[in-house]
Amino acid sequence: MSIFGRQNGSQLEFGQRLNRVYLWYTLGFLAFVLAVAGMEQLGLSRNGIGYLFLAATVLVYAGIGMMSRTNDVVEYYVAGRNVPAFYNGMATGADWMSAASFISMAGTLYLSGYGGLAFIMGWTGGYCLVALFLAPYLRKFGQFTIPDFLGARFDGNLPRVIGAFGAILCSFTYVVAQVYGIGLITTRLTGLAFEMGIFAGLAGILVCSFLGGMRAVTWTQVAQCIVLLIAYLAPVVWLSVKHTGSPVPQAVYGYTLQEVTAREKQILVDPKELEVRHIFQAHSDEAAAKLKDVPNAMATDRRLARKKVDDLKAVNSSAQDIRAAESALLALPKDVASARATYSAAQVSNAARASPPLSHAQPFPGATEAAQDAARKNFLALVFCLMIGTAALPHILTRYYTTPSVRAARESVGWSLFFILLLYFTAPALAVLVKFEIYTVLVNTPFDKLPEWIGRWNAVDKTLVSAIDINKDGILQLAELSIGGDLIVLATPEIGGLPYVVSGMVAAGGLAAALSTADGLLLTIANALSHDLYFKIFNPKASNTSRVMISKLFLLVAALAAAYVAAQRPADILFLVSAAFSFAAATFFPVLTLGIFWKRANKWGASMGMLAGIGTTVYYMCLTQPWLYSLTHAGMFTPEILKANIWWDIDPISAGLFGVPAAFVTTIVVSLLTRPPGQHIDDLVDFIRYPQLKPPL
């Protein structure tokens, strides 16, 4: 009998067996880290450490996947409905703490300060909505997927099909971000090319979800939760001890923030910093001028670049300088559309570096009252979208189908919040500690003495970190340093001067976070295609074995498609994740809540409501998000065009703010204008909402 099955024995005995298994697993992981640390002292290379962590990660998760393999429908789709609340909370926590939470959240707090707290407030607040409005009722309903509920509650295949499309859209957007994170981590861990890193990490995803579905994913996610929490907390504690002497970073957060604020005030008036920001502003103004006459600017750039090559050749410059000038000439835009995009990007990036450093503790920054009001509105809009989106993500809601009872579903939400709190309560302290380290140790360092981690991460991806001596004084000023949010957590051990084994452990934690979420998302996509479309609509007589095999096939296709899209690096992780939340919020939350608490909601109302919600959200994103605007408008955009398209100063990351009310209003209005549902739907709603009622016949 598998240690992850409960074919015999009580729930209590099953839980005790799991306690022993995961206790030994935790001790084994710590012993492995200590062993690798010992090998590092004996001379093991960085790449060797990286390959050890990658191999151990994939092999352990593969082992759990092998032990949990199944072709049983209930086991494959909902883990046999026998996952104890504590372990379902751990699995949900790992499913939730994605690459965005592990890699990007502390980085967002580092870059935006107070504004980044919107992510913590929104994501944690969403679980309150899950516990109050959705989890217990969906567990009482049973079945396998969210489109299952939509098809039964709204009495037809149309809501099921639209729900399946919505689940695929938001899950695919989200999984692309996870696969991107996997490629980033694997590349830094092993030195593989980014694209190769993606497909190496993909093996770790498939070996779990492909073999055992939700059963394998659940027990793998519990293991991943342990790894990612240890990996996240260890370097933060080290930084806290290094700078404050306290091993509890949350307790000294206020003191460190005061020190950062004092350093920010010094930087604001530093003459060298002012000089650098003036140079960047001049570059931004130059790019803005080029946008006024793009063809002429292209011709001028090409003429100057060619003249530089000719001049270097005329004075017999070094071959390296000549090759660099020729490469710069070849890299110039070839057409007006690409030139416009290049000049626009240069204008925005240089203007950002010309701006004074954002005060970490300032609530709603802005030079004018209107700018501050816009920052306040966007903060609240983002909190709203993340809360509603959290409560409606299909891969999270499906986790509550796996518990033994409605009570266990409620309890598992509480345990989920506990494990998420361990990470979220630490992220603000991590951001401030890293900022303190950079402001006090890195800034004003000579360029020839910069730490090696800057060059290593720049080689992985130039958008993650770059340092350019723009005023040619040989000293690094803050404005000359560009750090991407996705770097902060992964580079924390190197920034803090920790042994490289800790970097390997943090990368393994980030990999665990990305893999755990990717597993759940890919399973959601595959189940929407195999169960909700293939089985429920096209082939209701399909055998259980064929249903599971079809799901595995779709899972493989979805994984390869996500890897291909992620390899194109379409956008940053946090935007992709936030887009998925807006999609989920606008598609599912209105119809799920109305379906549970308003009997008058019917098939046509729900169908039109979901379409209105997702349509409004996508439309606004395409109008205001540069990458999507370029895709839908052949690259013809400027910051002015995008700014003119914005509604009420709301950023594209919060597009769900318009989609959610559109879905609510449409569902209500259309339901009132069309025939009410039958008595059997009223009975189903009563069964879902009242514990003592039995299932309607």
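The values are calculated or read from the model by the stated rules, or taken from the named source; none is laboratory data. Just so it is clear, the model here is predicted, and its values are computed rather than measured. Note: ideal-geometry Cβ built from the backbone for every residue, glycine included; neighbour counts use all protein chains shown. Only protein heavy atoms, including side chains, enter the accessible area calculation; ligands, DNA and RNA are left aside. Shrake-Rupley method; radii C 1.70, N 1.55, O 1.52, S 1.80 Å.
Output the residues belonging to the range 440-461 that are assigned to a helix (DSSP H, G or I) and open to solvent by 30 Å² or more (accessible area, probe 1.4 Å). Correct list: THR440, VAL441, PHE447, ASP448, LYS449, GLU452, GLY455, ARG456, ASN458, ALA459. Just one residue in the set GLU369, GLU437 is without any contact (Cβ under 8 Å) to a residue 60 or more places away in the chain and either out of contact with any strand residue (DSSP E or B) (no Cβ under 9 Å at 6 or more places or on another chain) or crowded, with 24+ Cβ neighbours inside 10 Å (or both); that residue is GLU369. Against the test of being within 29 Å of GLU259 (Cβ to Cβ) and open to solvent by 30 Å² or more (accessible area, probe 1.4 Å), the options SER327, SER338, SER355 yield a single qualifying residue, SER355.
The range 295-406 holds helices (runs of 4 or more DSSP H) entirely within its bounds, and those carrying 1 or more residues that are of a type in the set (A, V, I, L, M, F, W, C) and more than 30 Å from TYR620 (Cβ to Cβ) map to 319-330.
With respect to the conditions (1) free of Cβ contacts under 8 Å to residues at least 12 places away in the same chain; (2) open to solvent by less than 30 Å² (accessible area, probe 1.4 Å), TYR76 falls short on a single one, namely (1).
Consider the range 167-178 and keep the residues that are polar (S, T, N, Q) and open to solvent by less than 10 Å² (accessible area, probe 1.4 Å). The one that is modelled with the lowest pLDDT is GLN178. When restricted to residues that are without any contact (Cβ under 8 Å) to a residue 24 or more places away in the chain, open to solvent by 60 Å² or more (accessible area, probe 1.4 Å) and closer than 26 Å to VAL348 by Cα, the range 290-323 contains 5.
The residues of the range 227-257 that are open to solvent by 60 Å² or more (accessible area, probe 1.4 Å) and part of a helix (DSSP H, G or I), listed by number, are TRP238, VAL241, LYS242, TYR253, TYR255.
Exactly one residue among THR300, THR342 is over 35 Å from the mean Cα position of the chain (by Cα) and of a type in the set (Ser, Thr, Tyr), and that residue is THR300. In the range 462-507, of all residues being in a loop (DSSP other than H, G, I, E, B) and under 25 Å from TRP238 (Cβ atoms), the one that is modelled with the highest pLDDT corresponds to LEU476.
Annotation note: of GLY201, GLY213, GLY181, the sole residue that is at positive phi, open to solvent by less than 10 Å² (accessible area, probe 1.4 Å) and small (Gly, Ala, Ser) is GLY213.
Selection of the range 643-680 for residues being modelled with pLDDT under 90, closer than 19 Å to CYS170 by Cβ and open to solvent by less than 60 Å² (accessible area, probe 1.4 Å) yields PRO652, ILE653, SER654, ALA655.
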